[in-house]
Amino acid sequence: MSHSRTNLRQLALEASQDCMCQRTRRASRLITKAYDNALRPMGLRITQFTMLAAATASDGGASLSDVADLLGMDRTTLSRNLKPLERDGLIVFCDDEMRGRSRAIRITKKGETLFGKAEPIWRRVQSNLKSDLGPTEWKQFHTAITTASKSISS
C-alpha cells in the first residue's frame, strides 16, 4: 500500500504527539539524564544505582530472574549490566545460597559504601523532580506509570 507524503506527515505528527512509546521513552531519557548527571561524580549511572538497590533489598535472597522482573529487564540484559558492578567489586554472584535456583546477587561492603554515599544525590534528584512536577502531578505520574506497567506486563 502506497502512502502519500501528506499521509506520512500526518502519521509522523500523530506518532510524535500521541505515541505512548515515544512519549515515555522521551520522558525516560530526560529523567535518566537528570539522575546520571547527578550520580556521575560517584562513578554510577541510575541503572547501576537501581541494581545496587535491588541487590541490597534482596540481600542475596532473590534470583537474577526475580531481580530482572522487578526492574522490568530480561535476565540476559540484567546479567550483562551487572558485569561492571561485579568487576568493580560492588556485587557478587551467589550460586550456593539459592539451593538449586538460578543465580542471585549480593551487594558487597564496597557496594554498600558507594550505595550509601550515592543516597543523598539520589534523594536530591528525587526531590527536584517531585518539586518540578508538583505533588499532585508526581502522584498522578506514579499512578499512571504503575497502572501502565501492570497492564502491559500481564
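The angle separating the long axis of helix 135-153 from the principal Cα axis of greatest extent in the chain is about 80 degrees.
Between Thr108 and Ile91, Val92, the built amide H atoms are under 5 Å apart, and every one of these is 5 or more places off in sequence or on another chain. A simple count of charges around Thr108, restricted to other residues whose Cβ falls under 13 Å of its Cβ and scoring Lys, Arg +1 and Asp, Glu -1, yields 0. Across segment 59-75, coupling constants 3J(HN,Hα) worked out from phi with the 6.51/-1.76/1.60 Karplus curve, θ = phi - 60°, read 6, x, x, 10, 6, 4, 5, 5, 5, 4, 4, 4, 8, x, 10, 7, 4 Hz, and Gly and Pro carry x.
Across Gln126, Gln17, Gln140, mean-square fluctuation computed from a Gaussian network of the chain (C-alpha pairs under 10 Å connected) peaks at Gln17. Cα centroids of segment 110-152 and segment 1-27: 29 Å apart. Our helix-only sum for the chain, with -39,500 (n - 2.57) per DSSP H run of n ≥ 4 divided by its residues, gives a mean residue ellipticity at 222 nm of -24000 deg cm²/dmol.
Computed from backbone phi, the HN-Hα couplings of segment 37-51 come to 4, 5, 7, 3, x, 7, x, 10, 10, 4, 4, 5, 4, 5, 6 Hz, rounded to whole numbers (Karplus: 6.51 cos²θ - 1.76 cosθ + 1.60, θ = phi - 60°; Gly and Pro given as x). Protection proxy ranking of 39-51, 74-86, 141-153, by the mean of other Cβ atoms within 10 Å over each peptide's residues and highest first, is 39-51, 74-86, 141-153.
Compute the helix-to-body angle for 5-18: its Cα long axis versus the longest principal axis of the chain, expressed 0 to 90° and rounded to tens. It is inclined by approximately 40 degrees.
Go through (i) 1.05; (ii) 0.94; (iii) 1.07 and flag the label whose value is the computed Rg/Rh (Cα atoms, Kirkwood Rh) for this structure. So the calculated entry is the one marked (iii).
Quick one: how many lysine pairs in the chain have C-alpha atoms under 23 angstrom apart, if they're 8 or more apart or on different chains? For the chain, qualifying lysine pairs total 12.
Multiplying the residue separation of Leu129 and Lys83 by 0.36 nm and removing their Cα-Cα distance gives an extension gain of 13.6 nm. Give me the net charge for the shell around Leu30: Cβ to Cβ below 12 angstrom, other residues only, Lys and Arg +1, Asp and Glu -1. Net charge around Leu30: +3. Taking 7 Å steps out from each Cα toward its Cβ at Asp36 and Ala144 produces label points 2.3 nm apart. Listed values for segment 109-125 are Karplus-derived 3J(HN,Hα) couplings in whole Hz (6.51 cos²θ - 1.76 cosθ + 1.60, θ = phi - 60°), namely 4, 4, x, 4, 4, 5, 4, x, 5, 7, 3, x, 5, 4, 4, 5, 5, and x replaces Gly and Pro.
Put simply, the amide H of Ala62, placed in the peptide plane, has neighbours under 5 Å in Ile105, leaving out anything fewer than 5 places away on its chain.
Read-outs: derived from the displayed coordinates by stated rules, not from any lab. Owing to the predicted nature of the structure, the values given are computational and were not obtained by experimental measurement. Positions of Cβ are backbone-derived with ideal geometry, glycine not excepted, and every protein chain shown enters the neighbour counts.
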